[in-house]
Amino acid sequence: MRFCKDIFFAKHTLLRILCRYCVFDVDRKLLVLRPYQIAATEKILQKIAMSYHHKLYGCRAQSGGYIWHTTGSGKTLTSFKVAQLASGFKEIYKVLFVVDRKDLDYQSIKEYDRFQKGAVDSTKNTKVLSQKLHNDESRIIVTTIQKLARFVQQHKDDKSAVFDKHIVIIFDECHRSQFGEMHGLIKKHFKKYYLFGFTGTPIFAQNANGIETTQSVFGEQLHTYSIIHAIRDKNVLPFRVAYISTIKQKEDMEDKKVYAINKDELLLSNERIQKIVSYILEHFDVQTKRDKIYTSKDKSMKGFNSLFATFSIEAAIAYYKEFKRQNECLEKHKQLKIGLIYSFAANEEARADIDGVGIDEENSDETIGLEKSQRDFLESAISDYNAMFKQSFDASAEKFANYYKDISKRLKEREIDLVIVVNMFLTGFDATTLNTLWVDKNLKYHGLLQAYSRTNRILNAVKTFGNIVCFRDLKEATDKSLMLFGDENAQKMVFLRSFEEYYYGYDENGTYHKCYAELVESLRADFALEHILEKLPLQTQQKAFIELFSHILKSKKILSCFDEFMGKEILTQREWQDYQSHYIDIYTAYKKELEERESVLEVELIKQIEANLEYIIELIRISHKDNRLDRAFSLSIEKSIDSSIELRNKKDLILSFLASLSPQSDVDKALEAFIAQKKQEELEAIITAENLKPTETRAFVRKAFELDSMSEYGTSFSEILPPRDYFSPHTQENHTHIFTRLYTFFERFRGFKISALRLSIFSDSFAL
């Protein structure tokens, strides 16, 4: 361990990381590549250098290779760094980043732009691609495999000069069969290529099913970072998989035997479709944690959203019809925003049955091949979508592509609850707000893991795992996929245990893991609420309480997505708030010391899942409207605030505002006026007490609220300070004191953005 630290902290190592492996995104956040990303990048760069010096370019086995980094591990950032550094080689003419679908093209460009604005030259068509390839200034080009193939075909006879240049070609999601075909064209026409692939699920002999393996196309495996590594390092979330039986059968008859009787009739039966839709609507709130309110990218959100993967266009249509019917019967606040998208794909279910790759075959902008009835229904579904979001899309080629981009954007921004798909969004699509995949589709090997992995992107403490609900018997297929892309121990790490194990306890390798029920029983026995102040006079006892309650927090976090947990929480809401208040009291009092001692603190979890400002203001609005602003309501608000780390510094503001409201008040206008007055009064008091420059200080604070950030670095802060004595030993101490006062003020009023608070988080959702 000491040896590793000595190597890492060596000056030359740190300098290399700072100079080569740090990236500023467009928000000026410094991103540092993780060790496995650096290792993969170095492997590729070494391969390029070796191939060039030994004149091995143009030979797949010697001048290429592939990187196996599991989905969600940051392949885009790694590939960007590879492209950036490779384009810096004077011997390299171009770096091509090749994807196979328009949606990935669009997504990749956006991702690349996050890291370096304008670093990528996207290509709208083959003509533009040709221009970029022949333009010496365009060093990095993002294009699709279809455009690159067309370029090669169009220029194969005129012997384009590009074919004789040193070109690095990087393929994203290189497990797809199309890349084998593309490799043939590259090999035939490009003379000095360096070919590399990135994939989260390589094609091995076991899952090849007649197509070339990833190794046969790209060469040796250069670096591996599997799903096991990613979950262990907490770079992606584990999965929870539930199997829901949907077909009546004899006890001794397997699902696959039932399917064999009359598959289509069974799978598309009205009774089955109705039951599955009913199940999803009944369990949607729990599975997607719709009752949890959190903030992401300065936007308040309720729970997460989901995809529903169906086995054919006919199935997708049937499910949409049934969702529309049942959704309209629900109360307004229970209704979901539901979308539908599909396009032409040949042999959807047949191909999935053969190799589980069917998710690769749908073209995101191809609707021409659809049957008239399929296209007509798609038009009607898009009309529903237009009415829901005030848009004007249709199924024509150009507008459908824009429809795809729009629905993709709304999935990412949590503006739609559920999207019914056949193959779309099941690979290459990243949305951190997506936590659940409903599956009525056969999936195998890489197709299965790719689809599951849409759900396990890390977002916050509320999102604890990727949630998979299967209406097919995919247990065997799931196990085989994990064996192929993990190992024999993968199940223990990749999948959560059962509800019974978490709730009642379990043994593992001779070690007993305490269950939720036991932990809560210990809490009530050792730290009864009526005696808790007597129990916590000493730090040793406080630490014992912290550790116990932290374990309960983590246990509850996992159990909250199990249907069986409803009604078995043991602790009442009031008890939970009281215990959490004591937990926060200790954290506040001993924050620095506890963090230094590395005590178990689930503070971030509390921040994410408990009452926030939006929630409190909305409760006040509703109660004011219903004339329920009584003492009992004030006490409940006070308890909610006490159990929230984020709201404690706002407690007196909220309670004073609550007391000032009259039955005739407009809550939003009154809040705006109240906060404006308090903010002005407190800022002027700080200006006077610290002898700050009034105009400059007001401008400094105003800018901080606009940016939602306050910094003591730069000239803007120094300009507000009073005249200073540079020779005084207390000058820096005084400046720190002033900034602390201003920052405390900033945090106190932070979040009181009235326009942002008009979110109606309890209001009626749009119907389908």
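The values are calculated or read from the model by the stated rules, or taken from the named source; none is laboratory data. Treat the numbers as computed from the prediction; the structure is a model and nothing was measured. Quick reminder, even Gly has a Cβ in these numbers, built from the backbone with ideal geometry, and neighbours come from all protein chains shown.
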- Does residue 398 fit the bill of being touching a residue at least 24 places away in the same chain (Cβ under 8 Å), surrounded by fewer than 22 Cβ atoms within 10 Å (Cβ to Cβ) and farther than 24 Å from residue 69 by Cα? no
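Keeping to the stretch 241-290, report how many residues are of a type outside the set (Ser, Thr, Tyr), over 25 Å from the mean Cα position of the chain (by Cα) and either outside any loop (DSSP other than H, G, I, E, B) or modelled with pLDDT under 90 (or both).
Counting residues in the stretch 241-290 that are of a type outside the set (Ser, Thr, Tyr), over 25 Å from the mean Cα position of the chain (by Cα) and either outside any loop (DSSP other than H, G, I, E, B) or modelled with pLDDT under 90 (or both) gives 29.
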- Checked 512, 503 against criteria (of a type in the set (Phe, Trp, Tyr), touching a residue at least 60 places away in the same chain (Cβ under 8 Å) and within 23 Å of residue 554 (Cα to Cα)); the one match is 503
- Note on the structure: Note on the stretch 705-725: residues surrounded by fewer than 15 Cβ atoms within 10 Å (Cβ to Cβ), over 39 Å from the mean Cα position of the chain (by Cα) and touching a residue at least 12 places away in the same chain (Cβ under 8 Å) are 719, 722
- Selection from the stretch 433-459 of residues that are of a type in the set (S, T, N, Q) and farther than 16 Å from residue 238 by Cβ: 433, 442, 450
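Within the stretch 340-348, is there a residue that is surrounded by 21 or more Cβ atoms within 10 Å (Cβ to Cβ), at pLDDT below 90 and charged (D, E, K, R)?
Among the residues of the stretch 340-348, at least one is surrounded by 21 or more Cβ atoms within 10 Å (Cβ to Cβ), at pLDDT below 90 and charged (D, E, K, R), which makes the answer yes.
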- Task: Filter the stretch 460-498 down to residues that are under 25 Å from residue 292 (Cβ atoms), part of a loop (DSSP other than H, G, I, E, B) and among the small types (Gly, Ala, Ser) and give me whichever is modelled with the highest pLDDT.
- Result: 498
- In the stretch 125-137, how many are under 18 Å from residue 99 (Cα atoms) and either in contact (Cβ under 8 Å) with a residue 60 or more places away in the chain or surrounded by fewer than 18 Cβ atoms within 10 Å (Cβ to Cβ) (or both)? 3
- Selection from the stretch 558-569 of residues that are modelled with pLDDT of 80 or more, buried (at least 17 other Cβ atoms within 10 Å of the Cβ) and of a type outside the set (Phe, Trp, Tyr): 558, 559
- Item | Candidates 165, 191, 187, 147, filtered to the one that is free of Cβ contacts under 8 Å to residues at least 60 places away in the same chain and of a type in the set (D, E, K, R) | 147
